[in-house]
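Since the structure comes first, as structure tokens, the remarks are kept for the end.
The values are calculated or read from the model by the stated rules, or taken from the named source; none is laboratory data. Remember, it's a predicted structure, so these values are computed and weren't measured experimentally. All Cβ positions, glycine included, derive from the backbone under ideal geometry; neighbour counts span all protein chains shown.
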Amino acid sequence: MLESSQIYVGTAGWSYKDWEGIVYPAQIKKSQHPVEYMARYVDVLEINTSFYGHIKPEWGKLWCRIARAVNPHFLFTAKLNRAFTHSPIAVLESTSAETIRATPEDEQLTKEGLESVAAENMLGAVLAQFPISFKNTNTNRNHLQSVIEKFKSFPLVVEVRHNSWSNEGTLRYFAEKGVAFCNIDQPKLGQAITPSEHVTAPVAYVRLHGRNYDQWFDSDSRNDRYNYLYTDPELRGWKTRVDAIAEKAQKTFVIANNHFEGKAAVNALQLKSLITGRPVRVPQTLLKHYWELGEIAEPAQPSDQPAQASLEKL
């Protein structure tokens with residue numbers, strides 16, 4: 001955590017096959033859990049698996065235990081399960097209130113998983129991420145209200161990507177409900193929402209998706225969409241926004257989602273260094289692949305090497 005302003009910078013997810021040998025030493029899972037490894041370098045991880053499935057409570061407890069052991073200030077955020085935010089066949093049809101089909105079982109299992117992290121006082125926020133096809137209509141607003149009511153016991157963040165939500169009425173409603181508006185960076189294509197610095201709740205949230213214009217809609221691979229490395233000027237632009245956001249929020253989470261080949265980890269560490277004005281710890285494996293990190297890296301420490309002892313892993 002960046003102490004003075006309660007800014008937490010990290011990555012969206014940690015379980016990517018293409019991170020092995022780049023972010024992590026090869027075969028890391030034989031010696032160390034990736035969460036423990038990442039918690040030495042960043043102060044927040046956005047749980048990505050909770051979008052596709054449900055967090056098993058024993059997993060949530062394990063993640064908290066091993067992250068806290070190496071970083072007492074560490075927090076998780078978690079994506080809300082897609083049953084509440086996406087059509088089950090979103091690749092074939094637009095997402096709307098009429099096509100989202102969450103069940104009571106989805107609600108129960110989602111809450112049980114989130115509570116396993118919240119009970120450890122390590123759940124910073126829950127992110128309800130809607131696709132660009134989810135537009136600002138009466139029925140969709142009613143659905144959003146139902147999601148807010150279901151999960152109001154958690155610090156809730158809503159990410160909307162269509163610019164029909166970019167208006168004072170939306171911001172006023174979020175503020176009334178104590179829900180954070182997610183400020184995002186994405187290619188400015190069609191009706192996509194543009195970068196912002198809104199604060200509508202005690203928690204503030206920023207997600208950096210990359211600016212891969214050529215592959216954003218045309219590629220069949222999600223890896224291609226998130227294959228983007230932010231430049232120093234682009235990060236400095238977001239550093240200015242993050243500073244302004246943090247002045248109005250109690251906690252600010254900045255999540256890099258350009259995950260392909262570890263680029264999210266690179267940009268998260270660069271942004272963390274920009275915000276603090278100091279060098280930061282950098283994984284030696286990542287430093288070998290991205291020369292840019294040499295400009296911000298602290299001297300290596302013994303704990304930057306993976307543990308040799310076997311560790312229970314999930």
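When restricted to residues that are under 19 Å from the mean Cα position of the chain (by Cα) and small (Gly, Ala, Ser), the range 8-30 contains 4. Entry remark, the range 67-103: residues being over 19 Å from the mean Cα position of the chain (by Cα) and not charged (D, E, K, R) number 17 in total. If you scan the range 58-98, which residues turn out to be within 23 Å of Tyr205 (Cα to Cα) and aromatic (Phe, Trp, Tyr)? Selection gives Trp63, Phe74, Phe76, Phe84.
Give the range 170-188 a look and list any residue that's more than 19 Å from the chain's Cα centre (by Cα) and modelled with pLDDT under 95, or say none. If you could, list the steps in order and put the result at the bottom.
Of the range 170-188, the ones more than 19 Å from the chain's Cα centre (by Cα) are 170-178, 188.
Residue satisfying the conditions is Lys188 alone.
Filter the range 40-68 for residues that are farther than 14 Å from Leu80 by Cα and among the small types (Gly, Ala, Ser) and give the result. Within the range 40-68, Gly60, Ala67 meet the criteria. With respect to Leu75, determine if the residue is surrounded by fewer than 20 Cβ atoms within 10 Å (Cβ to Cβ), of a type outside the set (Lys, Arg) and touching a residue at least 40 places away in the same chain (Cβ under 8 Å). Considered against the rule, which asks whether it is surrounded by fewer than 20 Cβ atoms within 10 Å (Cβ to Cβ), of a type outside the set (Lys, Arg) and touching a residue at least 40 places away in the same chain (Cβ under 8 Å), Leu75 comes out as no.
I'm checking my understanding of the structure. Among residues of the range 143-183 that are hydrophobic (A, V, I, L, M, F, W, C) and assigned to a strand (DSSP E or B), which one is surrounded by the fewest Cβ atoms within 10 Å (Cβ to Cβ)? Taking the candidates together, the pick is Leu156. Screening Ile275, Ile255 for residues that are assigned to a strand (DSSP E or B), at pLDDT 95 or above and either surrounded by 19 or more Cβ atoms within 10 Å (Cβ to Cβ) or in contact with a strand residue (DSSP E or B) (Cβ under 6 Å, 6 or more places away or on another chain) (or both) leaves exactly one candidate, Ile255. Taken over the range 3-60, residues that are surrounded by 16 or more Cβ atoms within 10 Å (Cβ to Cβ), touching a helix residue (DSSP H, G or I) at 6+ places or on another chain (Cβ under 8 Å) and of a type in the set (S, T, N, Q) amount to 4.
Within the range 42-71, residues that are closer than 27 Å to Asp106 by Cβ sit with their Cβ atoms under 6 Å from residues that are aromatic (Phe, Trp, Tyr), at 6+ positions apart or across chains, in these pairs: Val44/Tyr8; Val44/Phe253; Leu45/Trp14; Leu45/Phe76; Ile47/Phe76; Ala67/Phe74. Among the residues of the range 123-173, those identified as among the β-branched types (Val, Ile, Thr), out of contact with any Cys (no Cβ under 7 Å at 6 or more places or on another chain) and in contact (Cβ under 8 Å) with a residue 40 or more places away in the chain are Val126, Ile132, Thr137, Thr139, Val147.
Of Val117, Val126, all but one fail to be at pLDDT 95 or above, aliphatic (A, V, I, L, M) and touching a Pro at 6+ places or on another chain (Cβ under 7 Å); the exception is Val126. Apart from one condition, Pro233 fits all of (1) surrounded by fewer than 14 Cβ atoms within 10 Å (Cβ to Cβ); (2) at pLDDT 95 or above; (3) under 20 Å from the mean Cα position of the chain (by Cα); the exception is (3).
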